[in-house]
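The values are calculated or read from the model by the stated rules, or taken from the named source; none is laboratory data. Predicted model, so just to flag it, every value in this text is computed and none were measured. Because the Cβ atoms are built from the backbone with ideal geometry, glycine has one as well, and the counts that use them run over all protein chains shown.
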Amino acid sequence: MARRTFTVDGETWEVSPSGRVTVYGRDEFGLTFQQGTGPARRRRFTRYAPVGSRSVDASLGELSDPELIALFRQSQPAWTAPESAYGAR
């Protein structure tokens, strides 16, 4: 599974595929943004539709840092996302 790191607003985040399958099948992928570990970990989620490549790992590798930042800015906190069971621990 592909993972990348990038910096937004002076903070380093890691992004990886969320693994969540949507009704759109392979046309849309979920991404998890994560910062830190353990109880202090912060997570955000978003979905995106890649242009060109159909492999989630390849499409994540093709995204530029400005594109990742744009996806991060439209992401939602873990407590509002079904990918994290709405923040359940």
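Can you tell me which residue within segment 5-40, out of those that are among the β-branched types (Val, Ile, Thr) and modelled with pLDDT under 90, is nearest to residue 78 (Cα to Cα)? Before the answer, list the steps.
First, the residues of segment 5-40 that are among the β-branched types (Val, Ile, Thr): 5, 7-8, 12, 15, 21-23, 32, 37.
Now narrow it down to the ones that are modelled with pLDDT under 90: 21-23, 37.
Details: 21: 17, 22: 17, 23: 20, 37: 14 Å.
Applying the filter and picking the extreme gives 37.
Working only within segment 47-89, note down all residues that are of a type in the set (Ser, Thr, Tyr), modelled with pLDDT of 85 or more and in a helix (DSSP H, G or I).
Listed by number, the list holds a single entry, 80.
Can you pull out the residues in segment 36-46 that are free of Cβ contacts under 8 Å to residues at least 40 places away in the same chain and crowded, with 17+ Cβ neighbours inside 10 Å? Before you say what the answer is, go through the steps one by one.
Of the residues in segment 36-46, the ones free of Cβ contacts under 8 Å to residues at least 40 places away in the same chain are 36-42, 44-46.
Scanning segment 36-46 gives 44, 45, 46.
Collect the residues in segment 40-69 that are among the β-branched types (Val, Ile, Thr) and touching a Phe, Trp or Tyr at 6+ places or on another chain (Cβ under 8 Å), keeping them in residue-number order.
As a first pass, look at segment 40-69 and keep what is among the β-branched types (Val, Ile, Thr): 46, 51, 56, 69.
46, 56, 69, listed by residue number.
Go through segment 56-89 and report how many residues are crowded, with 18+ Cβ neighbours inside 10 Å and β-branched (Val, Ile, Thr).
So the count comes out to 1.
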